[in-house]
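Participant: Encoded as structure tokens, here's the structure I'll be asking about.
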Amino acid sequence: MIERNVDVAIIGGGPSGLAAAIAAKRSGSQNVLILERNNFLGGILIQCIHPGFGMHLYQEELTGPEFAARLIADAAKEGVEYLLKAMVVDLNDQKELIVDSPQGLIKIKAKAVILAMGCRERTRGMIGIPGFRPAGVFSAGTAQNYINMQNLQIGREAIILGSGDIGLIMARHLTLEGIHVIGVHEVLPYCSGSIRNRVQCLEDFGIPLHLSSTVTDIHGKHRLEAVTVAKVDGKLQPIAGTEQKIACDTLLLSVGLIPENELARKAGVKLSVQSKGAEVDDHLETSVPGIFSCGNVLHIHDMADYASNEGLTAGQKASEYASHKTQKVQNFSVHSGEGIATVIPQFVRQDTREVEIKFRIRKPMYDVQLQITNRGQPIHTRRFQTLLHSEMQLVKLKSTEPLDDLKIEIVPISQPNAR
Amino acid sequence: MTELKQIYCILCPNACAMAVSVDSENKSIVTVSNNRCNRGPKYAAQEILLPKRTLITTIPIDSQDWPVVSVRTATAIPKERMFDVYNEIKRCHLAAPVTIGDVVIKDVLGLGTDVVVTRTIR
């Protein structure tokens, strides 16, 4: 088995992994190696051929492949090394990786490891749609790959289940590519994607959005022939008598993303029940010293730019760890209170005085106040007329005291200003 | 005649549901309300007068690695011309190598923007 030593090993060459590699190099690490299991760099960006990328990082509205090309060019300029078709099959808490590659098995000993494996889509099985298992049922991302990268015609008449951003973007894309989208069904009583996508992807093309509605049955033995949809009640249970059978040959599922953390588990990294990613401190260091995490494997982002930004932080901090400029220190917990679904980071280092908190709420809220306290004292408040569950929020905090008792919560505004 | 339209502003997460009254004869905006900031009326004007979108799709390519290459309009085009431009693009066929930014169709349908390749394929 080939053996190698590197300063920083990065698992995954998508938007967060590429950014992490760039930042690790810029922070002075010599040997920075990206391990990418696909035969190209860029990850999911390559199949996201729509615009909406790069606004934060490059102040330009780019398509996914264009954004990836910028990141790849920056990485090349910094001298980042990468291996393609290289699948990391094992990782331990000593930061040793076993990589299955075209050159054979490689054992890599890294001073720091960055987890940037991204996420995968929730499947039909995970949401338990009964019925036959014919061809024609796709996850939205699979359909995107078939159409945008493999030039396949996936069907003619489509129903989309789930109103997340990928579902909305695919509704528009199917329509453009000549596939009739009958409608988008969302089990929740509100749209899960951004309003921008709802307007540009559905309303532009007159595609109906059915809220509180889900697919309850799948018909067709070899190819999908129809689905049954039904209205759901407040507990998201189908309401008897509201079923409707709709003829279609294609069903797209856009029903959520799950961080891909098998390797993190192997290394003994502690995972969060809420975010399904690693628990990290504000250096994005996991519970295992020297293993860092960023991008969609840490928590689901709604914008690739944010995943890349997180990669920049992880890359810098991992590089500092590899060169012994920093080490793991005692952490304080960040407490999430009322209304908060996920918070990153879950911990703040004892020497930290400035921290960027990212959080997501459970459901849309109106006229509320974000309240962040440390040791019971408010250190940040902000009013929101609208706060959406579909948009991750970022707050920068600064303090002269240790942030040893941070609590984040959303409270109603008791006396709204007269307008 | 004034026509009342509802337009969601998509410039920020507030997504104001703006009430816009439009003079349907000369297509000018009479009033905008329900906007929480002054960027709203500007956006509403563009959406009423000439809504524009960037069009993206793929073109078949002769290459060992990939059957298609992704393309875009370099700038946004009038929304109502999207399918015309789409059909124009779909008449093309490319051969590798192509480089990001390569012009596939110059000044597509005289709209003043080019169709360009968004991915380098060797």
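Participant: For the condition among the basic types (Lys, Arg), buried (at least 17 other Cβ atoms within 10 Å of the Cβ) and not in a loop (DSSP other than H, G, I, E, B), what is the one hit in A:LYS111, A:LYS107? Working first, answer last.
Facilitator: Values: A:LYS107 fails: buried (at least 17 other Cβ atoms within 10 Å of the Cβ).
When all the criteria are applied, what remains is A:LYS111.
Participant: Still on this model: Residues A:ARG124, A:ARG196, A:ARG133: which one is over 30 Å from A:ILE34 (Cβ atoms), surrounded by fewer than 22 Cβ atoms within 10 Å (Cβ to Cβ), of a type in the set (Lys, Arg) and free of Cβ contacts under 8 Å to residues at least 60 places away in the same chain?
Facilitator: A:ARG196
Participant: Please find, among A:THR342, A:THR400, A:THR381, the residue that is more than 14 Å from every other protein chain (Cβ to nearest Cβ), outside any loop (DSSP other than H, G, I, E, B) and touching a residue at least 24 places away in the same chain (Cβ under 8 Å).
Facilitator: A:THR342
Participant: Just checking, which of A:GLU391, A:GLU354, A:GLU409 is acidic (Asp, Glu) and within 14 Å of another protein chain (Cβ to nearest Cβ)?
Facilitator: Of the residues listed, the single one that is acidic (Asp, Glu) and within 14 Å of another protein chain (Cβ to nearest Cβ) is A:GLU391.
Participant: Could you grab the pairs with beta carbons closer than 7 Å, sequence gap of 6+ or different chains, first residue in the stretch A:249-271 and free of Cβ contacts under 8 Å to residues at least 12 places away in the same chain, second one in a strand (DSSP E or B) and surrounded by 18 or more Cβ atoms within 10 Å (Cβ to Cβ)?
Facilitator: Pairs found: A:LEU271/A:ALA278.
Participant: May I pose another question? Restricting attention to the stretch B:28-62, report how many residues are part of a strand (DSSP E or B) and either at pLDDT 95 or above or within 14 Å of chain A (Cβ to nearest Cβ) (or both).
Facilitator: Looking only at the stretch B:28-62, we keep the residues that are part of a strand (DSSP E or B), and these are B:28-33, B:52-53, B:56-62.
Imposing the further condition that a residue be either at pLDDT 95 or above or within 14 Å of chain A (Cβ to nearest Cβ) (or both) reduces the set to B:33, B:52-53, B:56-62.
Total satisfying the criteria: 10.
Participant: Among the listed residues A:VAL355, A:VAL343, identify the single one that is over 19 Å from A:GLN274 (Cα atoms) and out of contact with any Pro (no Cβ under 7 Å at 6 or more places or on another chain).
Facilitator: Matching residue, one of A:VAL355, A:VAL343: A:VAL355.
Participant: Right, another one. Mind checking which residues of the stretch A:290-313 are surrounded by fewer than 24 Cβ atoms within 10 Å (Cβ to Cβ), hydrophobic (A, V, I, L, M, F, W, C) and outside any loop (DSSP other than H, G, I, E, B)?
Facilitator: Listed by number, the list holds a single entry, A:LEU312.
Participant: Additional query: Any residue that is modelled with pLDDT under 95, farther than 16 Å from A:GLY256 by Cα, under 28 Å from the mean Cα position of the chain (by Cα) and within 14 Å of chain B (Cβ to nearest Cβ) - is there at least one of those in the stretch A:178-185?
Facilitator: There is no residue in the stretch A:178-185 that is modelled with pLDDT under 95, farther than 16 Å from A:GLY256 by Cα, under 28 Å from the mean Cα position of the chain (by Cα) and within 14 Å of chain B (Cβ to nearest Cβ).
Participant: For B:ALA95, work out the one condition from (1) within 10 Å of another protein chain (Cβ to nearest Cβ); (2) touching a residue at least 24 places away in the same chain (Cβ under 8 Å) it doesn't fulfil.
Facilitator: Among (1) within 10 Å of another protein chain (Cβ to nearest Cβ); (2) touching a residue at least 24 places away in the same chain (Cβ under 8 Å), the lone unmet condition for B:ALA95 is (1).
Participant: Report whether or not B:VAL85 is surrounded by 18 or more Cβ atoms within 10 Å (Cβ to Cβ) and either of a type in the set (A, V, I, L, M, F, W, C) or in a strand (DSSP E or B) (or both).
Facilitator: Here the answer is yes, as B:VAL85 does meet what is asked.
Participant: To continue, here is another question. So, in the stretch B:3-26, how many residues would count as being away from chain A (no Cβ under 11 Å), touching a helix residue (DSSP H, G or I) at 6+ places or on another chain (Cβ under 6 Å) and modelled with pLDDT under 90?
Facilitator: The number of residues fulfilling the criteria is 1.
Participant: Against the condition touching a residue at least 40 places away in the same chain (Cβ under 8 Å), surrounded by fewer than 19 Cβ atoms within 10 Å (Cβ to Cβ) and away from every other protein chain (no Cβ under 14 Å), how does B:ASP65 come out, does it pass?
Facilitator: No.
Every residue, every condition in (1) of a type in the set (S, T, N, Q); (2) crowded, with 19+ Cβ neighbours inside 10 Å; (3) under 30 Å from A:CYS294 (Cβ atoms), yes or no:
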{"site": "A:HIS219", "(1), (2), (3)": "no, no, no"}
{"site": "A:ASP233", "(1), (2), (3)": "no, no, no"}
{"site": "A:GLY241", "(1), (2), (3)": "no, no, no"}
{"site": "A:ALA247", "(1), (2), (3)": "no, no, no"}
{"site": "A:THR250", "(1), (2), (3)": "yes, yes, no"}
{"site": "A:ILE258", "(1), (2), (3)": "no, no, yes"}
{"site": "A:LYS266", "(1), (2), (3)": "no, no, yes"}
{"site": "A:SER272", "(1), (2), (3)": "yes, no, yes"}
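Participant: Here's another thing I want to ask about it. Restricting to the stretch B:107-122, and then to whatever is part of a loop (DSSP other than H, G, I, E, B) and over 13 Å from B:VAL71 (Cβ atoms), can you tell me which residue is farthest from the other protein chains (Cβ to nearest Cβ)?
Facilitator: So the residue we want is B:ASP107.
Participant: What about A:TYR321, is it out of contact with any Phe, Trp or Tyr (no Cβ under 9 Å at 6 or more places or on another chain) and touching a residue at least 60 places away in the same chain (Cβ under 8 Å)?
Facilitator: No, not satisfied.
Participant: Enumerate the strands (runs of 3 or more DSSP E) found wholly within the stretch A:11-88, keeping only those where 2 or more residues are under 13 Å from A:ILE114 (Cβ atoms) and more than 14 Å from chain B (Cβ to nearest Cβ).
Facilitator: Strands (runs of 3 or more DSSP E) meeting the threshold: A:32-35.
The values are calculated or read from the model by the stated rules, or taken from the named source; none is laboratory data. No experiment lies behind these values; they were computed from the predicted model shown. Reconstructed Cβ throughout: ideal geometry from the backbone, glycine too, with neighbour counts over all protein chains shown.
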